[in-house]
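The values are calculated or read from the model by the stated rules, or taken from the named source; none is laboratory data. Quick caveat: nothing in here was measured; it's all calculated off a predicted structure. Cβ sites come from the backbone with ideal geometry, for glycine too, and all protein chains shown count toward neighbours. Just so you know, the surface numbers come from the protein's heavy atoms only, side chains and all, with ligands and any DNA or RNA stripped out. Shrake-Rupley method; radii C 1.70, N 1.55, O 1.52, S 1.80 Å.
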Amino acid sequence: MHKNTTEARVAVSNQSRIIAVTGIMAAGKSTIAHLLAQRFARGVHIEADALQRMIVSGGVWVGGPGAPAGEAAAQLRLRLKHMCLLSRSFFEAGYTVVLDDIIIGDRWQHLQEELHDLPFSLVVLAPRVDVVAHHRDLTRSKTPQGYAWATYLDHELRTTMKGIGLWIDTSEQTPGETVEQLLRNL
């Protein structure tokens with residue numbers, strides 16, 4: 001099996017690229033992005049939440065379902081900008097970069113603006129809301145966000161991102177199966 005994994009890395013490492021992974025909370029973005037980045041000979045995973053946590057004083061997380069406003073919106077925009085700046089730097093150094101963040105609505109436009117001159121793909125992880133809210137959200141290490149968040153984000157994702165990128169229903173897949181599907185379809 002190790003040989004096949006090595007072959008897969010060589011097969012997908014010929015050209016640097018940027019892959020943005022989005023989905024609602026607990027869709028598996030961080031897990032999938034990390035596993036996917038490992039499949040490239042030179043792979044980087046940039047997690048937007050890690051950039052948000054870099055703000056050690058004055059950080060404002062989005063408080064609840066609904067469009068972010070004020071300082072929370074400004075910090076979301078700033079973290080997306082820095083995620084893209086890091087992507088650009090690693091890409092120019094010959095790495096394949098896998099981003100993970102909740103990209104919906106205006107954030108899709110912002111991502112396109114920041115990466116306008118670079119080749120990038122968008123992957124949308126779209127598990128069913130019941131799978132996210134009643135299982136995944138409750139079993140992950142982060143604070144559970146709840147059914148209201150899952151429902152709101154799922155509606156926004158399916159409304160504002162419809163027809164954009166490669167959509168995968170990960171409800172019944174393991175992370176490994178999702179990564180294999182991505183590699184076949186990117």
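Quick check: is even one residue across the range 41-63 touching a helix residue (DSSP H, G or I) at 6+ places or on another chain (Cβ under 7 Å) and either in contact (Cβ under 8 Å) with a residue 60 or more places away in the chain or among the basic types (K, R) (or both)?
no
Which ones in the range 42-68 are at pLDDT 95 or above and in a loop (DSSP other than H, G, I, E, B)?
The initial filter retains those residues of the range 42-68 that are at pLDDT 95 or above, namely 42-47.
Within the range 42-68, R42 is the sole residue that qualifies.
Please work out which one of (1) modelled with pLDDT under 95; (2) open to solvent by 30 Å² or more (accessible area, probe 1.4 Å); (3) outside any loop (DSSP other than H, G, I, E, B) is the condition L86 fails and give its number.
Unmet for L86, out of (1) modelled with pLDDT under 95; (2) open to solvent by 30 Å² or more (accessible area, probe 1.4 Å); (3) outside any loop (DSSP other than H, G, I, E, B): (1).
Can you tell me which residue is modelled with the highest pLDDT among those in the range 138-171 that are within 15 Å of K29 (Cα to Cα) and of a type in the set (D, E)?
Among them, the one singled out is D169.
Considering only the range 63-83, state which residues are open to solvent by 20 Å² or more (accessible area, probe 1.4 Å), within 23 Å of T151 (Cα to Cα) and of a type in the set (A, V, I, L, M, F, W, C).
Listed by number, the residues that qualify are A67, A69, A73, L76.
How many residues are under 8 Å from the mean Cα position of the chain (by Cα) and either on the phi > 0 side of the Ramachandran plot or surrounded by fewer than 16 Cβ atoms within 10 Å (Cβ to Cβ) (or both) if we restrict to the range 114-125?
Total meeting the criteria: 0.
Has the range 92-113 got any residue that is under 18 Å from I164 (Cβ atoms) and over 16 Å from the mean Cα position of the chain (by Cα)? Lay out the reasoning, then the answer.
Step one: of the range 92-113, the residues under 18 Å from I164 (Cβ atoms) are 98-113.
Still in the list and also over 16 Å from the mean Cα position of the chain (by Cα): 113.
Yes; the residues of the range 92-113 include at least one that is under 18 Å from I164 (Cβ atoms) and over 16 Å from the mean Cα position of the chain (by Cα).
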